[in-house]
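A.B. asks: Mind looking over this structure? Questions follow.
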Amino acid sequence: MLYAKQIPVKYDVDVFVAGGGPSGVAAAVTAARQGKSVYLAENNGCFGGSGTTGLVPSFAQFTDGERFLVGGVGREVRNSVIGEACDYSRGFTGIKPETLKKVYDAIVCAEPNIRFSFFTRLIDVLSGDGHVECAVLAAKSGIFAVKAKIYVDCTGDADLCAMAGADTEFGDETGTAMPSTLCSLWSDVDFTQKSGADFMQSLENAFRDGVFSVEDRHISGFFPSSDDSSVSGANIGHCFGADARDEVSLTKAMLRGRSYMDEFAKFYREYIGGPYKNMHLCYTADMLGIRESRRVVCDYRLSGSDFLARAVFPDEIGRYAYPVDIHIMKPDKQSYDKFLKEYSHDMRYGVGESYGIPYRSLIPAKLDNALVAGRCIGTDRQMQASVRVMPGCFITGTAAGMAASLAAQYEDTRKIDTDELKAKIKEDFGPERTRETEAGEAKRD
């Protein structure tokens, strides 16, 4: 069937950002603060992606244990949600999704150079000879086009880049991605109480008794919110085999995720008890928590070898330190034991250690006026499993926004001066810039 229709160009801007998750908000706000006109399209009804609509219950680390590694918009979001105290923890920090939504709203709405709309989906990209001509979007008002000088893909699934003709990779050598999780909110979890139960032994007992339909030993667990312990967020229940590129696969995974909630309620109440004996399910997320989707083939492929080398790059736009966190690929004990070894020992940093992220890992190899930020930048699977979390997305989103502001005059992301880019990112980092970046600079020197 051939379908053709003339559509209006609704926005003509310097920078178009597809996706309003942490990387998209950081990219849009950063570019706008450099005086560029920005249009930001978000498919859901709020900014924040997995941290809001997806109910992911906690921030991963913002630091290497000695220095903050996330500046600009990411640091503003963190401070607004969990406070400005200089906490250099490398652990997880609980978040409250409603608070996070309001923080994102306030930061974006404060920028006069940003126009945005919710409930707006990217459906196509028109491009030729590696140059994006326009993005095609669908909303309640109909289908329309957006023209920009630079396009930034913050969709999480590399939708814009894939539609524009960029090469992408997906999953492991068999084409299988990490399992997703349907996160949830629970009431009446009392963290002042203690449970005398051994968690792993209780889990094996529950498997023996047929409580669970899937023998999943990798359970991330519950997180109290940062400002209210009456409602807790949970990251429990892997949906194996979900493919973020396919709506039928996602539909089946959402159904499975919801079906797991009764199983987990029975397990925590009856086998763990203590804090969980009176718990009740409040809500499951409106979107699946996707850990792994497409990875764009970029000018540089950041790898697990770079992680082990604590790599430093001449075009470095940031540093990060989260472990390589590849969740179990199968629901069996062998997969869980492999995860424990790699995550707990082989691919985890000591205090003060970090790796660099080069600007080249944000440039799709086949496109000249597009950038990518967030979990789908140019990496292999190991490095994607580190940079995919929210603080990592803030880092790459900020860099993409700053780069887009510089590249708009050329309509070419490779024509900018990377030294100027780095200088502007450091300036955007804020008053602690010197301390936050000195590790990477010292290694380069």
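The values are calculated or read from the model by the stated rules, or taken from the named source; none is laboratory data. Bear in mind the structure is a predicted one, so any value in this text is a computation, not a measurement. For neighbour counting, all protein chains shown are included, and Cβ atoms are generated from backbone atoms with ideal geometry for every residue, glycine included.
A.B. asks: Is it true that some residue in the range 319-338 is touching a Ser or Thr at 6+ places or on another chain (Cβ under 9 Å), small (Gly, Ala, Ser) and over 30 Å from Ser127 (Cβ atoms)?
C.D. replies: Among the residues of the range 319-338, at least one is touching a Ser or Thr at 6+ places or on another chain (Cβ under 9 Å), small (Gly, Ala, Ser) and over 30 Å from Ser127 (Cβ atoms), which makes the answer yes.
A.B. asks: Among Asp64, Asp14, which is assigned by TED's automatic domain parsing to the domain that holds Ala148 and surrounded by fewer than 23 Cβ atoms within 10 Å (Cβ to Cβ)?
C.D. replies: Sole residue among the options that is assigned by TED's automatic domain parsing to the domain that holds Ala148 and surrounded by fewer than 23 Cβ atoms within 10 Å (Cβ to Cβ): Asp14.
A.B. asks: Show the residue pairs that are 6+ apart or on different chains and have beta-carbon atoms under 6 Å apart, the first residue being within the range 320-343 and within 18 Å of Val214 (Cα to Cα), the second being of a type in the set (D, E, K, R) and at pLDDT 90 or above.
C.D. replies: That search, which allows pairs on different chains as well, returns Pro331/Glu215; Pro331/Asp216; Tyr336/Arg217.
A.B. asks: Let me ask another. Does the range 37-49 hold any residues that are buried (at least 24 other Cβ atoms within 10 Å of the Cβ) and touching a strand residue (DSSP E or B) at 6+ places or on another chain (Cβ under 8 Å), and which are they?
C.D. replies: Val38, Tyr39, Leu40, Ala41, Glu42
A.B. asks: Which of the residues that make up the range 111-131 are part of a strand (DSSP E or B) and either more than 24 Å from Asp246 (Cβ to Cβ) or not β-branched (Val, Ile, Thr) (or both)?
C.D. replies: Across the range 111-131, the qualifying residues are Ile114, Arg115, Phe116, Ser117, Arg121, Leu122, Asp124, Leu126, Ser127, Gly128, His131.
A.B. asks: Using the structure shown, decide if Val108 is in a strand (DSSP E or B), buried (at least 17 other Cβ atoms within 10 Å of the Cβ) and either out of contact with any Leu (no Cβ under 6 Å at 6 or more places or on another chain) or not assigned by TED's automatic domain parsing to the domain that holds Tyr320 (or both).
C.D. replies: For Val108, the condition - in a strand (DSSP E or B), buried (at least 17 other Cβ atoms within 10 Å of the Cβ) and either out of contact with any Leu (no Cβ under 6 Å at 6 or more places or on another chain) or not assigned by TED's automatic domain parsing to the domain that holds Tyr320 (or both) - is not met.
A.B. asks: Being among the β-branched types (Val, Ile, Thr), under 16 Å from Met200 (Cα atoms) and in contact (Cβ under 8 Å) with a residue 12 or more places away in the chain: is that true of Ile272 here?
C.D. replies: yes
A.B. asks: If you don't mind, there's one more thing I want to ask. Considering only residues of the range 39-84 that are among the aromatic types (Phe, Trp, Tyr) and assigned to a loop (DSSP other than H, G, I, E, B), which is modelled with the highest pLDDT?
C.D. replies: By that ranking, first place goes to Phe47.
A.B. asks: How many of the residues in the range 228-265 are among the hydroxyl-bearing types (Ser, Thr, Tyr) and touching a Pro at 6+ places or on another chain (Cβ under 8 Å)?
C.D. replies: Result for the range 228-265: 1.
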